[in-house]
Amino acid sequence: MARVYGIHVVEGLLRENPSAVINLWLQRGRGDQRRVALASLARSQGVVVQWGTRGELDELVAGRHQGAVAEIDAEVDENGAGTDKLWQEAELLAAIDDASSAPLILVLDGVTDPHNLGACLRSADAAGVMAVVAPKDRAVGITPVVRKVACGAAETVPFVQVTNLSRTLGAFKERGVWLYGADGEAPTSLYETQLTGAVALVLGAEGSGLRRLTRESCDFLVSLPMAGAVSSLNVSVAAGVCLFEAMRQRLGARDA
């Protein structure tokens, strides 16, 4: 058993995997529309709502629960991630092979901050990304903090942790996916780059950027123009910029 918390996280579970919810607690006395809507959604999915005081919910979890806590069963991993969105590498490669349109993939090379991963998942969901890929070692996975920051995107965007990132990138290339690595020193701007085909956007860890092997695996390196005094962006902000530039180009190509 495990517990997850937060309005968006619990709502995502109820919409995407309601059978995993064993117990649901909502805070008594917090009758705002979000809690009312959540209770209604739970009942429509056959999930029984238990009401408790803030103190009672505080005893269930250590984090800021926003008046909503769910207990989930063994089919959901200990961090609260639904197994239907934790893909194996083979599942992702099969999805690329079967894709009816050019896939857009986000690759995160060693992101360790759960807040950054959560924000990246949220942007990935909004941009229509096929999956987010990260190495298993020296990188954060799906944790309760990631799920809360992602505001439901951890339940909708497939997340793939791979043993050998360079090998996975090679498998992407074999399937016609072009790899674009974000590098602050690259002479080519993101905005000079065509991103309408099968694309994997590859971003590095906070501070250190792309690892050598990952950088060498990329077909192209691109940079984000910086007009101010700072030399780089937070990885989640950079991911959002890159993803939405790709989305803008793809929508333009579709409507042309």
Quick check: from the Cα gyration tensor, does the stretch 85-255 come out rounded (a/c under 1.5), prolate or oblate?
rounded
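Among 58-71, 41-54, how do they line up from the highest to the lowest mean number of other beta-carbon atoms within 10 Å?
Taking the mean over residues of other Cβ atoms within 10 Å, the ranking is 58-71, 41-54.
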Run down the lysines and flag those whose C-alpha is under 16 Å from the C-alpha of K148, throwing out any fewer than 8 positions away in its chain.
K85
The answer for trypsin sites (Lys or Arg not before Pro) in the stretch 158-256 that fall in a DSSP coil and have at most 16 neighbouring Cβ atoms within 10 Å is R175
Along the stretch 197-211, what does the Karplus equation 6.51 cos²θ - 1.76 cosθ + 1.60 (θ = phi - 60°) give for ³J(HN,Hα), rounded to whole Hz, x for Gly and Pro?
x, 6, 9, 10, 8, 10, 10, x, 6, 4, x, 7, x, 6, 6
Name the helices (complete DSSP H segments) of the chain with a Cα length along the long axis of 24 Å or more and a Kyte-Doolittle mean of at least -1.0, or state none.
235-255
Compute the length gained on full extension between F244 and S40: take 0.36 nm times their separation in residues and subtract their Cα-Cα distance, giving the result in nm to one decimal.
70.1 nm
In nm, give the distance between the simple-model label positions of A95 and T112, each being 7 Å from the Cα along the Cα-to-Cβ direction.
2.8 nm
Listed residue (L106, L86, A229) projecting farthest to the positive dipole end of the stretch 85-255, Cβ model
L86
Two-site label geometry, T163 and S231: point separation in nm, points 7 Å out along Cα→Cβ:
3.8 nm
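Quick note: the coordinates plus some simple rules give every number you see, no bench work behind them. Predicted model only: the values in this text are computed from it and were never measured. Backbone-built Cβ (ideal geometry, glycine too); neighbour counts: all protein chains shown.
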